[in-house]
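Enquirer: Before anything else, here's the structure in question.
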Amino acid sequence: MHGSHFNQACVELKARTVRTFKAAAHGLCKRLAIANALIADYMSKEHVIHYDKLTNLPNRLYFTQTLQSELDAAKASDVNSALILIDLLEFKSINDVYGLDVGDRVLIHVSARLEKLAPANGIVSRLSSDEFLLYLPQEYCELDLLEFVSLTFDDLSRPYQIDNWQIRIGLTCGIALAKEANYVTSELLANVDIAQQYAKQHSSQHFSLFLPAMKADKLRMQQVAESIQDGLDNNEFSLHYQAKVNKHAEVVGYEALIRWNNHALGELSPTEFIPIAEQSGKIRHISTWVIKQAFFDIPTLLAHSGEHIKVAINLSTIDLKAQTLLSTLELAMLEHGINGKNVEFEITETSFLENIERVNIVFDKLRALGCSVALDDFGTGYSSLSYLTKIHLNVLKLDKQFVDELIASKHGKVITESIVNMAHQLNMRVCAEGIETKEQAQQLIEIGCEELQGFYYSKPAPLSAILSSKK
Ligand code: C2E
Ligand code: MG
Ligand code: MG
């Protein structure tokens, strides 16, 4: 080959090689770009799968997957790590009152505060709409752990400034330790849930640490809740009646108090099963039964004690929310020929704080039927004198605490006297409950209580026992 030909061939070869390389490089770039796009797509899909869209926190799925490897590591190094569950209380009402957008922004603020509070190696997650989890991989002594939770609680309870609103949220926290759960994710999650529910039920406690005894309590609560329907079907419930008297010790009414003797669980106190029925959504069945049974008994009680008496029925807040309450009542009144003036409803104080306007609508309807409405257990924790002026009530039931304080403390009489006076100013009758001694009875009469109730006068008893007693 001539030198010139050779040179030309070389130039061509070079050009072809450059073209081939360029094409290859172009293809490679294209493939790299595709790969990058695929990775980004995969990552964003992974992100969507693993992270909560609103708060950008790891979601339940990702958290529980990660938790088991964290627990394995803690177990290997014998570290008693901890899990905290934070539940926002009544969060639905924030959405209802301020709208979903504000609700969402509160949740974003909560998650941001929580992330700030968490130690660097902690893991924060959004478990459900208003529940958050915080995993602490290091071991704390119990005091330090409770101190940390207390600080977390205080910080999350500070008001949230959203536009012009200062929004406050209630919360409860459960705490559970890894060792107690044998370093098993499902057990740790169950324990922390039990601890949180325990804190919620014991309203004085904002947070509680899981204890094995709580598991037994929860089991018992489940058994009780599951037995309620059977109890109703098998006629295991009954009503006792406790007399209310006037200052001359004459019977002016009776309070119906439910009793339950279950074939497996034995005698249960209403202080145990009523709250369980409320939490498990079974209270309405119980209240319907109570209303029907009491209305069945009222004519007999009137025939025995006089047409003037009132029979009081205890209702729960949940009953007040039920659409069917009034129709159940009207039907039972018609069926048994009951006059509303012979019926009183007792509702505990705690119920009112929620929504006074809505409660007043129900009370007005009950009063329109001729029935009266009493505020039960006045003085047990939630007392606010100002809301007494806003609620449409006929009777104030002074809790046993006031009755006990009358004799026990110097100021007891002054306080009770002022409450009674105020109730009278608001056109309410006053009934004192839990009277056990003659001295208490005399003081209460002196103060001006119209109705008196307690073991001093008579204990709750079945209808048959009331009928066999003298009038
Ligand atoms: P409550 O409505 O405040 O009823 C008064 C409670 O105090 C009753 O307890 C009664 O037996 C008790 N008691 C009455 N006098 C005295 C006394 O002199 N000394 C003492 N130590 N106690 C006295 P019980 O029957 O165990 O009921 C407890 C609570 O359970 C009731 O408190 C009420 O909140 C709830 N409850 C009872 N029956 C029903 C019901 O049919 N429906 C609903 N929703 N709740 C009910
Ligand atoms: Mg009552
Ligand atoms: Mg009471």
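The values are calculated or read from the model by the stated rules, or taken from the named source; none is laboratory data. Since the model is a prediction, treat every value here as computed from it, not as a measurement. Glycine also receives a Cβ, built like all others from the backbone with ideal geometry; neighbour counts cover every protein chain displayed. Ligands, DNA and RNA are stripped out before the accessible areas are found, and what is left, the full protein with its side chains, is counted by its heavy atoms. Shrake-Rupley method; radii C 1.70, N 1.55, O 1.52, S 1.80 Å.
Enquirer: Which whole-angstrom value gives the distance between the alpha carbon centres of the range 229-261 and the range 289-337?
Expert: 12 Å
Enquirer: Further question on the same structure: Modelled label-to-label distance, A303 and S468, 7 Å Cα→beta-carbon offset: nm?
Expert: Simple spin-label model gives 1.8 nm for this pair.
Enquirer: Going by alpha carbons, how many degrees (0 to 90, nearest 10) lie between the helix axis of 270-279 and the longest principal axis of the chain?
Expert: So the inclination is approximately 40 degrees.
Enquirer: Continuing with this model, one more query. So which chymotrypsin sites (Phe, Trp or Tyr not before Pro) in the range 295-383 are both in a DSSP loop and have at most 15 other Cβ atoms within 10 Å of their Cβ?
Expert: When the chymotrypsin sites (Phe, Trp or Tyr not before Pro) of the range 295-383 are filtered for loop state and at most 15 Cβ neighbours within 10 Å, Y382 remain.
Enquirer: If you don't mind, there's one more thing I want to ask. Give me the distance between the Cα centres of the range 401-415 and the range 49-92, rounded to whole Å.
Expert: Here the answer is 50 Å between Cα centres.
Enquirer: Computing the accessible area with a 1.4 Å probe over protein heavy atoms, can you report the carbon and sulfur percentage for the range 219-468?
Expert: So the carbon and sulfur contribution to the accessible surface is 52 percent.
Enquirer: Show me the GluC sites (Glu not before Pro) within the range 240-275 that DSSP assigns to loop and that have at most 14 other Cβ atoms within 10 Å of their Cβ.
Expert: Taking the range 240-275 and a limit of 14 other Cβ atoms within 10 Å, the loop GluC sites (Glu not before Pro) found are E250.
Enquirer: With the crude spin-label approximation of a point 7 Å out along Cα→Cβ, what separation in nm comes out for E436 versus K459?
Expert: Here the answer is 1.3 nm between the modelled labels.
Enquirer: Here are some pairs, K218/K397; K244/K341; K410/K438; which of them have Cα atoms lying more than 25 Å apart in this structure?
Expert: Where the Cα-Cα span goes over 25 Å, the pairs concerned are K218/K397.
Enquirer: Using a cut-off of 26 Å between alpha-carbon atoms, which lysines can reach K22, once sequence neighbours fewer than 8 places away in the same chain are excluded?
Expert: K14, K30
Enquirer: In addition: Helix 100-117 versus the longest principal axis of the chain: what is the Cα-based angle in degrees, 0 to 90, to the nearest 10?
Expert: Approximately 70 degrees, to the nearest 10.
Enquirer: Skipping prolines and chain starts, which residues have an amide H placed within reach, meaning under 5 Å, of the one on A461, given they are 5 or more residues away or on another chain?
Expert: Sorted by chain and number, the residues that satisfy this are Y241, Q242.
Enquirer: Turning to a different aspect of this structure: With the contact rule set at Cα under 8 Å and sequence spacing of 6 or more, what percent relative contact order holds for the chain?
Expert: Dividing the mean separation by the residue count of the chain yields 10 percent.
Enquirer: Per the 1.4 Å probe, what fraction of the accessible area of the range 56-169, in percent, lies on carbon and sulfur atoms?
Expert: Summing carbon and sulfur atoms, their accessible area is 50 percent of the total for the range 56-169.
Enquirer: If you don't mind, there's one more thing I want to ask. Can you tell me the orientation of helix 412-425 relative to the chain, as the angle in degrees between its alpha-carbon axis and the longest Cα principal axis, to the nearest 10?
Expert: Long axis of 412-425 versus the principal axis of the chain: about 90 degrees.
Enquirer: Amide H to amide H under 5 Å from L396: which residues, 5+ apart in sequence or cross-chain, H placed 1.01 Å off N in plane?
Expert: L375, R429, V430, C431
Enquirer: In nm, to one decimal, how far is the V414 label point from the H392 one, both placed 7 Å along Cα→Cβ?
Expert: Here the modelled spin labels are 3.7 nm apart.
Enquirer: What is the range 219-468's relative contact order, in percent, from Cα pairs under 8 angstrom and six or more apart in sequence?
Expert: In percent, rounded to a whole number, it is 19.
Enquirer: If a paramagnetic tag sat 7 Å from the Cα of A264 along the Cα-Cβ line, which residues of the range 234-255 would have the backbone N under 14 Å from that point?
Expert: Answer for the range 234-255: 234.
Enquirer: Now for a separate question. Going by Cα centres, the range 110-170 and the range 192-223 are how many Å apart?
Expert: Cα centroid of the range 110-170 versus Cα centroid of the range 192-223: 20 Å apart.
Enquirer: Would you grab the residues whose amide H sits under 5 Å from the one on F210? Only those 5+ places off in sequence or on another chain, please, with H modelled 1.01 Å from N.
Expert: Amide H neighbours of F210, under 5 Å, 5+ apart: I175, A176, L177.
Enquirer: So what is the relative contact order of the range 49-192, in percent, for Cα pairs below 8 Å that sit 6 or more residues apart?
Expert: Relative contact order, the range 49-192: 34 percent.
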